[in-house]
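What follows is a set of notes on a single structure, which appears directly below.
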Amino acid sequence: MAEQEFEIKRNDREPSLRIRLVNADKTAFDLTGYTLPVFHMRQQGETVMKVNLPGVIESPATGGILRYDWAAGDTDTEGVFDAEFRLTSPASKQRTFPRKGQFHVRITPDIDDA
């Protein structure tokens, strides 16, 4: 998966964050049999997780799409956040996406924020 960035306004809860995982040949990564997706997000430079909550594998799993539906308080802080999904593989082993680095979530202020 190439580095990706998702942008959302402060305190917004839509749209949901959706990440499409791809193989080296650009085909969708097959998530069939993977379970327990957890979305992790922390502000860059921090060690404390801002979000550590369940995500979703969208149907069909062969499409390779992971989704996180924002909860209250998830987007209340402006800044750039590192994010990743951690899942359990069909072999009951932990696997983290993306495999290298993280993708980024940018939370920007509303025009009326002072």
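Please treat every number below as a calculation from the coordinates, not as lab data. None of the values given here were measured: they were computed from a predicted structure. Quick reminder, even Gly has a Cβ in these numbers, built from the backbone with ideal geometry, and neighbours come from all protein chains shown.
Based on the inverse mean of 1/r over its pairs of different Cα atoms, what is the Kirkwood hydrodynamic radius of the chain, in Å?
Working: mean 1/r = 0.0683 Å⁻¹.
So the Kirkwood estimate lands at 14.6 Å.
At 0.36 nm per residue, and after removing the present C-alpha to C-alpha distance, how many nm does the segment from VAL22 to THR88 gain when stretched out fully?
Stretched fully, the VAL22-THR88 segment lengthens by 22.0 nm.
I need two numbers for segment 68-114: Rg to one decimal and Dmax as a whole number, Cα atoms only, in Å.
Calculated on Cα positions, Rg and Dmax stand at 14.8, 50 Å.
Please name which of GLN102, ALA91, GLY79 has its Cα lying farthest along the dipole of segment 60-104 towards the positive end, using unit charges on Cβ (Lys, Arg +1; Asp, Glu -1) and the Cα centre as origin.
Working it through, the farthest residue towards the positive pole turns out to be ALA91.
Take the chain, mark every one of the trypsin sites (Lys or Arg not before Pro) that falls in a DSSP loop and has at most 14 other Cβ within 10 Å, then report the longest stretch left between them, sites excluded.
27-92
Using a 7 Å offset from Cα along Cα-Cβ at VAL48, what residues in segment 5-23 end up with backbone N under 18 Å from the label point?
Counting only backbone N, you get no residues.
Please arrange VAL56, VAL48 by how many other C-beta atoms lie within 10 Å of their C-beta, fewest to most.
VAL48, VAL56
Note down the magnitude of the dipole of the chain about its Cα centre, charges +1 on Lys and Arg C-beta and -1 on Asp and Glu C-beta and zero elsewhere, to the nearest 20 debye.
Using only the charged Cβ atoms, the result is roughly 660 debye.
How much length is gained on full extension from ARG106 to GLU7, taking 0.36 nm per residue of separation minus their Cα-Cα distance?
Result for the pair: 35.2 nm of gain on full extension.
Hey, how many Å between the Cα centroid of segment 50-114 and the Cα centroid of segment 1-33?
Segment 50-114 and segment 1-33 have Cα centres separated by 8 Å.
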